[in-house]
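Below you'll find the structure I mean.
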Amino acid sequence: MIEFVGSWTRVVVPATSANLGPGYDSFGLALGIYDTVYARVADVPGVRVSVSGEGAGELPTDETHLVASSALAAFDEMGQRPVGLEIECENRIPQARGLGSSSAAIVAGILLARTLVVGGTSRLSMDTALRLATRIEGHPDNVAPCLLGGFTIAWMDDDTVAHAVRLEPLPGVHPMIFLPATRGLTAHARAALPATVPHRDAAANAGRAALFVHALTVAPDLLYAATEDRLHQNYRAPGMPETAKLVEQLRSRGFAAVVSGAGPSVLALVEKPANVPDTPGWTRLTPPCDAVGAEGEVDSNRASRGSASSVS
């Protein structure tokens, strides 16, 4: 039998940017924008979710909320669900903008379940958490940096088992996010991709992806060349013309600009000081690279509010 923790727990998860140009479905970068999620086991059956900040009034408040459903999947992985679950989400990661909000929710739910189980870290390793998160999300490029922080390279074995390694971006490389008012959907962006691409384009991306690893960790002066992509951005451009236009404008000025994930946000990797041109209609964010990844712990401040359950 599983023993559940008798107090509130807290998980903090970072935003992420995936692909980073040539690293389609494999590269990811953790960013210093965070969702904070609290949870406790309850005696009352069912799942109750409250949301403040991004997504408030839009996201579901029951077990269909992505944090909740991911937590339940993690409890199943560990062998037992609690009778009830109470979750409070404080969201700061922009929703549906290509900054990994869904991956953050998935990782938050998995780590919440782990923190709510006594001995949860031994029952659910980080490797298992990555594989479960990938199974829920469908690809590992965002969930890997969300879990691990830093710059990650992720890959799959037979499209079923995910792995990732983490590298440290150079301190002199700074992310700059250009956030539009409009939203986008990953499913729509993926639907725009062809089933096959020319061999020369695949070969070009392989070279740029290898160069990107070197540029981000050793030689940032090569980031402009290293962020060239031929696999996905051009195919998605007709569906988000303003995003494609901004990427082109920034690159024409020499900035290493790419579509952030599936868009519609744009990411530029710059060395400060950077004389970035005005971008009317876009909100500019300058988060640091996140070096820690997702973190979960018992919340001593909220523990004083009382526990809904403390036994298995």
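The values are calculated or read from the model by the stated rules, or taken from the named source; none is laboratory data. Quick caveat: nothing in here was measured; it's all calculated off a predicted structure. Note: ideal-geometry Cβ built from the backbone for every residue, glycine included; neighbour counts use all protein chains shown.
For Tyr235, are the conditions met, namely being under 28 Å from Leu185 (Cβ atoms), assigned to a helix (DSSP H, G or I) and in the same structural domain as Pro194 (by TED's automatic domain parsing)?
yes
Can you name the strands (runs of 3 or more DSSP E) wholly within the range 1-78 that have at least 2 residues being touching a Lys or Arg at 6+ places or on another chain (Cβ under 7 Å) and within 24 Å of Pro264 (Cβ to Cβ)?
27-42
Sticking with this structure for a sec: Please go through (1) touching an Asp or Glu at 6+ places or on another chain (Cβ under 9 Å); (2) modelled with pLDDT of 95 or more for Leu112 and return the number of the only condition it doesn't satisfy.
(1)
List the number of the failed condition for Arg81; all other conditions in (1) part of a loop (DSSP other than H, G, I, E, B); (2) surrounded by 24 or more Cβ atoms within 10 Å (Cβ to Cβ); (3) among the charged types (D, E, K, R) hold.
Of the numbered conditions (1) part of a loop (DSSP other than H, G, I, E, B); (2) surrounded by 24 or more Cβ atoms within 10 Å (Cβ to Cβ); (3) among the charged types (D, E, K, R), the odd one out for Arg81 is (2).
Continuing with this model, one more query. Can you name the condition, by its number, that Ala256 falls short on among (1) over 21 Å from the mean Cα position of the chain (by Cα); (2) surrounded by 15 or more Cβ atoms within 10 Å (Cβ to Cβ); (3) under 19 Å from Pro171 (Cα atoms)?
(1)
What is the number of the single condition among (1) over 23 Å from Glu248 (Cβ atoms); (2) more than 20 Å from the chain's Cα centre (by Cα) that Val197 does not meet?
The failed condition is (1).
Further, regarding this structure: I'd like the full set of residues that are of a type in the set (Ser, Thr, Tyr) and closer than 19 Å to Arg253 by Cα, limited to the range 212-238.
Tyr224, Thr227, listed by residue number.
Moving on. Does the range 99-120 contain any residue that is without any contact (Cβ under 8 Å) to a residue 12 or more places away in the chain and either touching a Gly at 6+ places or on another chain (Cβ under 8 Å) or not small (Gly, Ala, Ser) (or both)?
Looking for residues that are without any contact (Cβ under 8 Å) to a residue 12 or more places away in the chain and either touching a Gly at 6+ places or on another chain (Cβ under 8 Å) or not small (Gly, Ala, Ser) (or both), one finds none in the range 99-120, hence no.
Mind checking whether some residue in the range 170-188 is outside the structural domain of Asp25 (by TED's automatic domain parsing), closer than 27 Å to Ser69 by Cα, surrounded by 15 or more Cβ atoms within 10 Å (Cβ to Cβ) and not polar (S, T, N, Q)?
yes
Checking Pro280 against (1) assigned to a loop (DSSP other than H, G, I, E, B); (2) buried (at least 21 other Cβ atoms within 10 Å of the Cβ); (3) not basic (Lys, Arg), which single condition isn't satisfied?
Pro280 satisfies all of (1) assigned to a loop (DSSP other than H, G, I, E, B); (2) buried (at least 21 other Cβ atoms within 10 Å of the Cβ); (3) not basic (Lys, Arg) except (2).
I'd like the residue in the range 94-143 that is in a helix (DSSP H, G or I) and of a type in the set (Ser, Thr, Tyr) and, out of all such residues, is nearest to Thr283 (Cα to Cα).
Ser101
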